[in-house]
Amino acid sequence: MADTNLSSIPPGHFEDRQWHTLVLGIGNVLWADEGFGVRTVETLHERYCFPEDVCVMDGGTQGIFLLPWVRSTQSLLIFDAIDFGLAPGELRLIRDDAVPRFMGAKKVSMHQAGFQEVLASAALSGDYPERLALIGVQPDTLNDYGGSLRPAVKARIPEALALALDVLREWGVEIRERESSPGAADATGPVAMNIHDYEAGRPEHGH
C-alpha cells in the first residue's frame with residue numbers, strides 16, 4: 001500500500017489521473033486555530049497510509065488553485081476551522097450539499113471564500129465530487145499570529161481523526177496504521193512547519 005500526498009506529486013500529474021478520494025486540510029497554521037485543518041491532515045498522514053488512489057493534502061490557503069484537485073476526485077473529505085456559533089472545540093460533521101453553505105457562512109478567513117468558489121466552479125464544470133464531507137471545529141482564537149492551536153481545539157484532533165476514518169471506511173477506502181512515521185520527502189507540507197517543530201520554535205506564543 002503506497003501513500004500519495006501533495007509533496008510527492010509532480011506538477012500537472014492530476015491532469016492524467018482520477019483520485020478515488022482527496023483528503024484536504026485547509027487553513028493557515030500561522031494564525032492559531034485557523035491551522036486546525038492542516039494540523040489534522042498532518043496527523044492523519046503521520047499515523048495512517050492509504051492506497052495510491054487516495055491523496056492526502058495540506059491545502060493551506062491555496063483557494064482557487066485547489067480546483068484541479070477537487071475536479072479530479074470522486075470523494076472529498078475536508079478538515080477546517082468553521083464558525084458554527086458553538087463553544088470552542090465543538091466538532092461537526094457536515095455532508096454533501098450542506099458543505100458549501102458552511103464553507104461560506106460566518107467566514108473565519110478569506111481561504112473559506114476561496115474554497116467556496118472552488119466548489120462552485122467544480123459544480124459548474126460538471127466535475128463535482130460524488131461524495132463530500134466536512135469535519136469542522138469551532139475555533140477558540142484566530143487573531144494570534146505565530147500562535148498554535150489552543151488546547152480546546154488541539155484536544156479534538158483525535159476525535160476528528162476518528163470521524164474521518166469512519167467516513168473513509170464508509171467510502172470504501174482501505175486504511176492501514178503506519179509502522180513508522182513518514183520521512184521528510186513524504187510529508188504533507190514543509191517539515192519545518194510541522195506542529196512539533198513549530199511549537200518548539202515559538203515558545204513565546206500560547207499553545
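Values computed for the structure shown
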{"read-out": "Residue ID - farthest from the chain's Cα centre (by Cα), chosen from residues in the stretch 141-160 that are of a type in the set (A, V, I, L, M, F, W, C) and part of a helix (DSSP H, G or I)", "value": "Ala152"}
{"read-out": "Every residue from the stretch 29-54 that is hydrophobic (A, V, I, L, M, F, W, C) and more than 9 Å from the chain's Cα centre (by Cα)", "value": "Val29, Leu30, Trp31, Ala32, Leu44, Cys49, Phe50, Val54"}
{"read-out": "Neighbours by Cβ (under 7 Å, 6+ apart or cross-chain): first from the stretch 113-142, of a type in the set (Asp, Glu); second surrounded by 22 or more Cβ atoms within 10 Å (Cβ to Cβ)", "value": "Asp140/Asp33; Asp140/Val153"}
{"read-out": "Pairs with Cβ under 6 Å, 6+ apart, first in the stretch 79-96 and at pLDDT 90 or above and surrounded by 15 or more Cβ atoms within 10 Å (Cβ to Cβ), second among the aromatic types (Phe, Trp, Tyr) and in a helix (DSSP H, G or I)", "value": "Ala81/Phe36; Ile82/Phe102; Ile94/Phe102"}
{"read-out": "Residue among Val54, Val118 that is crowded, with 19+ Cβ neighbours inside 10 Å and in contact with a strand residue (DSSP E or B) (Cβ under 7 Å, 6 or more places away or on another chain)", "value": "Val54"}
{"read-out": "Residues that are touching a Gly at 6+ places or on another chain (Cβ under 8 Å) and modelled with pLDDT under 90, drawn from the stretch 151-191", "value": "Thr188, Gly189"}
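The values are calculated or read from the model by the stated rules, or taken from the named source; none is laboratory data. Keep in mind it's a predicted model, so treat the numbers as computed, not measured. Every residue, glycine as well, gets a Cβ built from its backbone with ideal geometry; the counts of neighbours run over all protein chains shown.
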